[in-house]
Amino acid sequence: MTDETYTPPKVWTWDKASGGTFANINRPVAGATHDRALPVGKHPLQLYSLATPNGVKVTIMLEELLEKGVAGAEYDAYPIRITEGDQFGSGFVEVNPNSKIPALLDQGVTPAIRVFESGSILLYLAEKFGAFLPSDIHGRTETLSWLFWQMGSAPLLGGGFGHFYAYAPEKYEYPINRYTMEVKRQLDVLDRRLANNRYIAGREYTIADMAIWPWYGALVKNKVYDAAEFLQAHTYTNLNRWTDEIAERPAVQRGRMVNRTWGEPSEQLHERHDASDFELRTQDKVAGDPS
């Protein structure tokens, strides 16, 4: 099959109708589109996010800290509904000028600190609470190398493969083949690494696992893009073993629920303000409340 060729114009102009699934929110300029203050809860840590792979990284981290007994990691989490343009509200843009989830506001310090980009948030929390980041130079460096590997690799998975395979208005052979090759290479990188290591950075469970699992674990378990068979994801046995082990962690199971606004009602927790919110969610499920 030969794709139709496209000759770029001398000057590019924005065509709202050509953006595919997310055309209604994508635009070539930054900044707020409307005034909207962010809600603020009772805890020092305020999270504004959604349970996409990037958002799940941070809620997993916070729940793992709480599981570890770090009381200072208590947080309020509010959903930012990106398909409705919440990320372009003035309050959110103040916390993240890039208008992407997740964004964190730490009001436990004066002045308050804003943290945006999921990898930066993971590193900030790891250093703030002294957890899930090895203190020795070898372990720390290995962990950060894999953290930044994920930050550099995931856009090729999501914005590259995911877009052209699942979301683009037309399917073209060249971009799908190009990004499929890259994603399978990434899966092989992880599979080889996990052949001789329990976790991504070695023996310890770290922020590298929390960063990589929501993207690549979801991919091999067919929870994003419906592409597991296409990619032959089952052949990456070490990656699947690691994915299953991480999925069994109670904090991971809770973290996946936070700011989730789709799917099975029992897997959703739109806002999170206290550990008891998970118990209430379970009680609602028993009572048959679908909200």
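Taken together, the values in this text are just the output of simple stated rules run on the coordinates, not laboratory data. This one's a predicted model, so the numbers in the text were calculated from it and none came from an experiment. Ideal geometry is used to build each Cβ from the backbone, glycine not excepted, and the neighbour counts take in all protein chains shown.
For the pair residue 27 and residue 182, label points projected 7 Å from Cα toward Cβ lie 2.7 nm apart.
To the nearest 20 Debye, how big is the dipole of the chain about its Cα centre, given +1 on the beta carbon of each Lys and Arg and -1 on that of each Asp and Glu?
Charge dipole, the chain, about its Cα centre: 460 debye, nearest 20.
Tell me which of 154, 219, 143 sits at the most positive position along the dipole axis of the stretch 137-253, charges placed on C-beta atoms (Lys, Arg +1; Asp, Glu -1). Highest projection toward the positive end goes to 143. Counting other Cβ atoms within 10 Å as a rough exposure proxy, the listed residues 257, 151 run 151, 257 from fewest neighbours to most. Listed options for semi-axes √(5λ) of the Cα gyration tensor in Å are [x] 34, 27, 18; [y] 30, 26, 20; [z] 44, 22, 13. The value calculated from this structure is the one marked [y]. Couplings for the stretch 173-179, taken from phi via the Karplus curve 6.51 cos²θ - 1.76 cosθ + 1.60 with θ = phi - 60°, read 5, 4, x, 5, 5, 4, 7 Hz in order; Gly and Pro are left as x. Excluding same-chain neighbours fewer than eight residues apart, the lysines reachable from residue 16 by a Cα-Cα span under 28 Å are 100, 171. Distances between placed amide hydrogens fall under 5 Å for residue 81 paired with 86, all partners being 5 or more residues away or on another chain. Within the chain, DSSP assigns beta bridges of which about 60% are antiparallel (rounded to the nearest 5).
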